[in-house]
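Q: Handing you this structure, nothing more for now.
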Amino acid sequence: MIRFLLGFILGIFLFLIVGSIVLEQFPSIQPLWEEFKGHIVGLYDMSLVKYGAITTFLIIIALFVVFGTSKKI
């Protein structure tokens with residue numbers, strides 16, 4: 001369990017570092033990134049209204065688990 005949490009935290013850190021480097025090297029991607037964030041925030045807000053905060057949080061956790069345990073990538 002500790003190993004999973006440590007790997008999860010390090011994965012998020014790596015994702016943030018790589019993302020910031022990519023956005024610095026390719027500034028033309030910035031509007032596309034802002035559009036993507038807008039869609040994600042919209043989906044999150046719709047989920048909050050429809051399902052509530054706790055269920056939305058559990059859905060997000062479940063998505064991370066599903067994509068994190070997929071061996072086909």
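Readers should treat all values here as calculations from the given coordinates under stated rules, not as data from a laboratory. All values derive from a computational prediction rather than experimental measurement. Glycine also receives a Cβ, built like all others from the backbone with ideal geometry; neighbour counts cover every protein chain displayed.
Q: Among the residues of segment 40-69, count how many are surrounded by 10 or more Cβ atoms within 10 Å (Cβ to Cβ), assigned to a helix (DSSP H, G or I) and of a type in the set (Gly, Ala, Ser).
A: 4
Q: Just the residues that are aliphatic (A, V, I, L, M) and under 22 Å from Gly68 (Cα atoms), please, taken from segment 1-39.
A: Met1, Ile2, Leu5, Leu6, Ile9, Leu10, Ile12, Leu14, Leu16, Ile17, Val18
Q: Mind checking whether some residue in segment 19-39 is loosely packed, with under 11 Cβ neighbours inside 10 Å, small (Gly, Ala, Ser), part of a helix (DSSP H, G or I) and more than 17 Å from the chain's Cα centre (by Cα)?
A: Checked against the condition, which is being loosely packed, with under 11 Cβ neighbours inside 10 Å, small (Gly, Ala, Ser), part of a helix (DSSP H, G or I) and more than 17 Å from the chain's Cα centre (by Cα), segment 19-39 yields at least one hit.
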